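No lab work stands behind these numbers, since they all come straight from the coordinates. What you see is a predicted model, and the numbers here were worked out from it, not measured in a lab. A quick note on method: Cβ atoms are made from the backbone with ideal geometry, for glycine too, and the neighbour counts reach across all protein chains shown.
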Amino acid sequence: MARLVVMGGGVSGHTAATFAKKMLGKEHEVVVVTPNSLWNWIPSNIWVGVGEMGKKDVVFPLAPVYEKAGIDYRQAKAVSIHPEGNSTNGDAFITIEYTGQNREGQSESLTYDYLINATGPKLNFGATEGLSNGNGDVGEHTVSVCSADHAVHASHELKACIEKMKKGEKQTFLIGTGHGMCTCQGAAFEYIFNIEHTLKQEGVRDMAEIIFITNESFLGDFGMGGLHFKMGGFATSSKVFAESLYAERGLNWILGAHVNKVEAGKVTYESLDGEMDTQAFDFAMLIPPFAGVGLKAYDKEDGDITEKLFAPNGFMKVDANYNAGSYENWKASDWPRTLQNQDYKNIFAVGIAFAPPHPISKPMSSKNGTPITPTPPRTGMPSAMMGKAVTMSIVDMIKHGASEPTHTSSMAEMGAACVASAGKGLFSGTAAAMTVYPIVPDFEKYPGTGRDLNGTTGELGLAAHWVKHILHFGFLWKAKLKPGWTLIPE
Amino acid sequence: MAKHVKHIEPYSPQFGTMIPLGSQKFLRTCVLWQIVRFVAINIRMTILILKSHH
């Protein structure tokens, strides 16, 4: 019997664990270690953040789902990896610390034959002065939609602003990224349009100034260096697509901004031109930068090998080319294909947990040397595909004795479908349905725009909103392992 | 047609992009047309998914 341990129960970890158990059956053991008791369909948090959905609509308890599937669930956070065992135990193991199941604070060792790191990000609010509450969570001056609880709080704050506007008090909304090295601009993109839509529905749109602040050097970069859509006989830049949408809705934008300080009602930011400026707000939702969750690693003699397994940002090294050098030398082939750690071949990292070889967007710094560059997005569809591909490789290793991973999942060889809500409503809602293929541009294979124009598309409309809503129900159905769940693609 | 375009301040960032006019805005929420687009988006995404699994 082999034991597969999956650290993390988000989109990629949950996908990996559930498919692994289905493919491995009762003969082998699948263990999930996650500090959370609830699974959250994060893409719908933006609807919670404007009061269109409640927390209960976007989460469900993990324990009964894992019990039904026969997965060993430990509500705990992973603390360290010991890929060579230690002086008393020759088997590879991880240490965990319980956060629930009436064992809070207790530590335990878990041996493994195969390990998947799907720990996702640490929401690094502490990276920006005033963005954190001092304990690593969102601070008092801004709101967040990164978790369901954050989004519930955001909706209450939004409601309070709407009440003020109804009484004749103008409000300024600031939505965007809270640091120069953020990713996940898409969430801010969705939230700002949903706020605008909500204010319009409440009849107070004219009382609001709405501003987008972003570390992107142009709107529509999305951490992917922008993209070109096939549209109306043109290869149209995502810059034009995004700017058009912001202009149509009367939204202003601040580009190339590194927010370095948040105070009550005011942010201070540095621009790419090196200037410091401030922006006042009454309501602000600023996405924090992501970092690794802070796992440590030790060798057989208990020597610290964290730097061997992890990049300085805390993400796990896999089969990527980490020596690509400057932007001019970057290639699509730098991106990992098997997601296997090259020092310890029974360890894999998927989703946000793997260390990208470099950004996708061109690195930029302010005149003062402050890096202001979107980091690569690797959430949602790509992370689920990675989770499934790695699982299939491990299953082949366990059941069929494969010596090397049999499946690949490179972001330079896969596409992504992104449906970004621009307002909810069965007949009044709209969303931007975007497909991009491949995620990482490959200028050797697709000279010109770096992407396949037949697979890179974008359109705004009600149909995309329907798709987004169906995805909400479809993926929750799939994650709950309800009948036919394997038929719903990642 | 002009009623669909609000004033845009010349030389502002918003002035430098394309602005949808009435027909485009109408089609975005026209249920019949959006049913067609719904089918098209789903086909497109299915092809993308099939191309992405290795």
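For the segment A:244-254, counting C-beta atoms of other chains within 10 Å of every residue's C-beta and taking the mean gives 4.
With both labels modelled 7 Å from their Cα along Cα-to-Cβ, the A:Lys200 to A:Ala160 distance reads 2.7 nm. Using only side-chain charges placed at the Cβ, +1 for Lys and Arg and -1 for Asp and Glu, the dipole size of the range A:38-94 relative to its Cα centre rounds to 200 debye. Taking Lys and Arg as +1 and Asp and Glu as -1, the other residues whose beta-carbon sits under 15 Å from that of A:Ser421 total 0. Relative contact order, percent, of chain A when contacts are C-alpha pairs under 8 Å separated by at least 6 residues? Over chain A, the number comes to 16 percent. The aspartates and glutamates within cross-link reach of A:Lys170, meaning a Cα-to-Cα straight distance under 13 Å and a gap of 8 or more places when in the same chain, are A:Asp206, A:Glu209, A:Asp282. Positive end of the dipole of the range B:2-52 (Cβ unit charges, origin at the Cα centre): among B:Leu48, B:Pro20, B:Ile8, the Cα lying farthest that way belongs to B:Leu48. Computed FRET efficiency, Cβ-Cβ of A:Leu487 and A:Ser428, R0 41 Å: what is it to the nearest 0.05? So, using R0 = 41 Å, E works out to roughly 0.85. Projecting the Cα positions of B:Val36, A:Asn135, A:Thr370 onto the charge dipole of the protein assembly as shown (unit charges on Cβ atoms of Lys, Arg, Asp and Glu, taken about the Cα centre) puts B:Val36 furthest along the positive direction.
In this label model, A:Ser365 and A:Lys68 are separated by 5.3 nm, measuring between points 7 Å along each Cα→Cβ vector. Cα-based values for the range B:2-52, radius of gyration first and Dmax second, are 16.5, 46 Å.
Packing-based ranking of B:16-26, A:117-127 yields A:117-127, B:16-26, ordered from highest to lowest mean Cβ neighbour count within 10 Å. Full extension of the chain segment joining A:Asp343 with A:Phe60 gains 98.2 nm, where the gain is 0.36 nm per residue of separation less the Cα-Cα distance. Computing FRET efficiency as 1/(1 + (r/R0)^6) for A:Met276 and A:Thr306, where r is the C-beta to C-beta distance and R0 is 30 Å, gives about 0.30. Here A:Lys478, A:Lys362 are placed in order of increasing Cβ neighbour count within 10 Å, fewest first, which gives A:Lys362, A:Lys478. Separation of the range A:112-130 from the range A:290-313 is 12 Å, based on Cα centroids. Across peptide A:462-472, the average count of Cβ atoms from other chains found within 10 Å of a residue's Cβ is 4.
Simple rule: put +1 on each Lys or Arg Cβ and -1 on each Asp or Glu Cβ in the range A:311-467, find the dipole, and look at A:Met386, A:Pro312, A:Phe443; the Cα lying farthest toward the positive end is A:Pro312. Straight-line cross-link partners of B:Lys51 among the lysines, defined as a Cα under 17 Å from its Cα and at least 8 positions apart when in the same chain: A:Lys388, A:Lys445. With K and R counted +1 and D and E -1, the other residues having a Cβ less than 15 Å from that of A:Gly455 yield a net charge of +1. Write down the percent of antiparallel bridges among all DSSP beta bridges whose residues are both part of the protein assembly as shown, to the nearest 5. For the protein assembly as shown, the DSSP antiparallel bridge percentage is about 55.
Put simply, the protein assembly as shown fits an ellipsoid with semi-axes of 38, 25, 24 Å; these come from the alpha carbon gyration tensor as the roots of five times its eigenvalues, largest first. Sequentially through the range B:29-42, phi angles give Karplus couplings (6.51, -1.76, 1.60; θ = phi - 60°) of 10, 6, 4, 4, 5, 6, 5, 4, 5, 4, 5, 4, 4, 5 Hz, Gly and Pro residues having no value and appearing as x. The long axis of helix A:148-166 is offset from the longest Cα principal axis of chain A by roughly 10 degrees. Beyond 30 Å in Cα-Cα separation lie the following of the pairs A:Lys77/A:Lys308; A:Lys296/A:Lys478; A:Lys55/A:Lys399; A:Lys424/A:Lys480: A:Lys296/A:Lys478; A:Lys55/A:Lys399. Among the trypsin sites (Lys or Arg not before Pro) in the range A:388-465, those located in a DSSP loop and surrounded by at most 14 other Cβ atoms within 10 Å of their own Cβ are A:Lys445. Taking θ = phi - 60°, what integer Hz values does the Karplus form 6.51 cos²θ - 1.76 cosθ + 1.60 yield along the range A:194-206, in sequence order, with x for Gly and Pro? Along the range A:194-206, the couplings run 6, 5, 4, 5, 5, 5, 5, 5, 7, x, 10, 4, 6 Hz.
Shielding value for A:409-419 is 3, the average number of Cβ atoms from other chains within 10 Å of each residue's Cβ.
Compute the long axis of helix A:381-400 from its Cα atoms, compare it with the longest principal axis of the Cα atoms of chain A, and write down the angle in degrees, 0 to 90, nearest 10. The angle comes out at about 10 degrees. The C-alpha atoms of chain A define a longest principal axis, and helix A:238-248 lies at about 40 degrees to it. Simple point charges give the picture: +1 on the Cβ of Lys and Arg, -1 on the Cβ of Asp and Glu, and for the range B:2-52 a dipole about the Cα centre of about 160 debye.
Fully extending the segment from A:Lys167 to A:Phe443 would add 93.9 nm, taking 0.36 nm per residue of separation and subtracting the current Cα-Cα distance.
Each Lys or Arg adds one and each Asp or Glu subtracts one; over the other residues with Cβ under 15 Å from the Cβ of A:Ile439, this totals 0. Extending 7 Å from Cα along the Cβ direction at A:Asn454 and again at B:Ile19 yields two label points whose distance is 3.8 nm.
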